[in-house]
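As structure tokens, the structure follows; a few thoughts come after it.
The values are calculated or read from the model by the stated rules, or taken from the named source; none is laboratory data. The structure displayed is predicted, hence computed values, not measured ones. Here the Cβ positions follow ideal geometry from the backbone for every residue, glycine too, while neighbour counts run over all protein chains shown. Remember, those area values only see protein heavy atoms, side chains included, never the ligands or the DNA or RNA. Shrake-Rupley method; radii C 1.70, N 1.55, O 1.52, S 1.80 Å.
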Amino acid sequence: MQPSRARRGRARPSRYRRPLLWSALAAVAVLGVGAGGTVYVTAGAHSGGDALPSSAPSPSASGPAQDEEAGKSVEPMAEPGADHDALLAAAMESVTVPDGAAVSVAVLDVDSGESAVYGTAAFDTASIVKVDILAALLLRAQDEGRRLTAQEEACAAAMIENSDNDSASTLWRAIGTARGLDAANERFGLTDTEGGDGMLWGLTQTTAADQLILLRQVFGEDSALSEASRTYLRGLMGRIAVGQRWGVSAAADGASWALKNGWLPRSATGLWDVNSIGRVTAGGHDHLVVVLSNGTATQATGIALVEAAARAAVSVFTDGTATAPASAAAAAASAPVTAASASASGAGSASGAGSASGAGSASGAVSASG
């Protein structure tokens with residue numbers, strides 16, 4: 001059951017509005033920066049600020065493969081008359097959705113700039129909102145002409161790489177909670193996302209289409225975020241903790257992915273929200289993929305649903321030759337499927353997404369959330 005939600009600032013549209021298909025999108029930039037590299041939090045084309053250095057964590061040696069074609073623009077290649085929404089709907093017919101569960105999917109083929117969306121409903125974000133929180137923080141830093149503080153960088157790394165909820169709550173306050181998130185999202189172009197009430201950032205409401213717009217802000221060049229801010233955020237998404245490398249990564253070839261997952265048990269129903277967003281490389285092409293789900297009886301069932309939907313989505317742009325689950329995702333898939341393992345991953349906070357489950361307790365009863 002969702003808590004009552006007061007309207008803040010701009011009103012949500014009366015019905016779903018999907019943006020027009022994009023004609024082109026820049027290829028994904030390198031995930032992360034080199035050891036000892038420097039990140040500059042600067043205003044991009046939308047803000048025009050000066051460059052200021054801010055250190056970024058070094059990528060792990062065991063992290064995902066790096067994209068060697070950073071910043072390369074690619075002309076549209078897909079057939080202009082193709083109905084990709086219909087193709088995605090057909091691909092989703094092969095995905096088994098448990099009784100009572102719901103799923104929505106969005107995918108963008110980076111090379112062609114063509115996209116597809118399946119489902120228009122709004123879902124709880126759980127911890128995928130942490131990407132949005134950090135994007136809003138980086139945008140605020142750009143506006144202020146400053147770099148992230150040492151504390152902000154530490155929180156950002158813990159929040160994205162380990163899905164740490166305490167760090168997310170700290171940065172949620174730093175951006176001005178839901179009002180700050182909503183203001184940033186208006187600049188990013190999101191029209192159907194609304195921040196959670198109070199400290200319940202995990203109950204932010206969003207659609208798959210809006211999350212695809214957010215991923216374009218992170219991985220594309222036409223963005224309110226500067227190149228350095230995008231590189232910083234992508235780098236963190238490419239160094240996700242081992243036990244959390246499931247989700248859209250199942251559609252990738254090998255370890256070529258960057259992602260953020262969210263999982264949240266709803267105490268009112270005993271059912272799970274399980275989401276995954278990110279970039280994957282499959283068949284030599286990059287794709288931005290979003291899968292949102294709710295209503296599964298277990299986290300493991302939710303993960304299986306999300307991964308099957310991600311593979312179906314990518315198959316739309318790979319001529320139906322969906323890839324087998326990535327070895328990294330398959331090896332790690334069993335790690336986060338229990339409350340104990342999710343809590344051990346560092347996502348077990350009694351605030352933020354934890355309390356967002358509706359337990360109404362600060363005792364950590366929902367420490368399995370992430």
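Looking across the stretch 288-304, the residues that are buried (at least 24 other Cβ atoms within 10 Å of the Cβ), within 15 Å of VAL103 (Cα to Cα) and either hydrophobic (A, V, I, L, M, F, W, C) or in contact with a His (Cβ under 6 Å, 6 or more places away or on another chain) (or both) come down to VAL289, VAL290, VAL291, LEU292, ILE303. Residues that are part of a helix (DSSP H, G or I) and small (Gly, Ala, Ser) within the stretch 185-239 comprise GLY202, ALA208, ALA209, ALA228, SER229, GLY235, listed in sequence order. Selection within the stretch 110-156: residues that are open to solvent by 10 Å² or more (accessible area, probe 1.4 Å), part of a loop (DSSP other than H, G, I, E, B) and of a type in the set (Val, Ile, Thr). The member of this set that is farthest from MET237 (Cα to Cα) is THR120.
None of ARG179, ARG173, ARG239, ARG234 is of a type in the set (Lys, Arg), open to solvent by 10 Å² or more (accessible area, probe 1.4 Å) and under 27 Å from ASP109 (Cβ atoms) except ARG239.
In the stretch 78-98, of all residues being small (Gly, Ala, Ser) and part of a helix (DSSP H, G or I), the one that is least open to solvent (accessible area, probe 1.4 Å) corresponds to ALA91.
Note on the stretch 251-281: residues that are part of a strand (DSSP E or B) and over 22 Å from ARG230 (Cα atoms) total 8. Which of the residues spanning the stretch 258-298 are hydroxyl-bearing (Ser, Thr, Tyr) and either under 26 Å from GLY235 (Cβ atoms) or under 16 Å from the mean Cα position of the chain (by Cα) (or both)? Hits for the stretch 258-298 are SER276, THR281, SER293. For the stretch 157-167, taking the residues that are closer than 22 Å to SER223 by Cβ and open to solvent by less than 10 Å² (accessible area, probe 1.4 Å), the one that is farthest from the chain's Cα centre (by Cα) is identified as MET159. Would you confirm whether or not the stretch 136-153 contains a residue that is of a type outside the set (A, V, I, L, M, F, W, C), in contact (Cβ under 8 Å) with a residue 40 or more places away in the chain and closer than 23 Å to ALA310 by Cα? Within the stretch 136-153, none of the residues are of a type outside the set (A, V, I, L, M, F, W, C), in contact (Cβ under 8 Å) with a residue 40 or more places away in the chain and closer than 23 Å to ALA310 by Cα.
Out of the residues in the stretch 99-109 that are in contact with a helix residue (DSSP H, G or I) (Cβ under 7 Å, 6 or more places away or on another chain) and under 29 Å from HIS285 (Cα atoms), state the one that is surrounded by the fewest Cβ atoms within 10 Å (Cβ to Cβ). Restricting to residues being in contact with a helix residue (DSSP H, G or I) (Cβ under 7 Å, 6 or more places away or on another chain) and under 29 Å from HIS285 (Cα atoms), the top hit is SER104.
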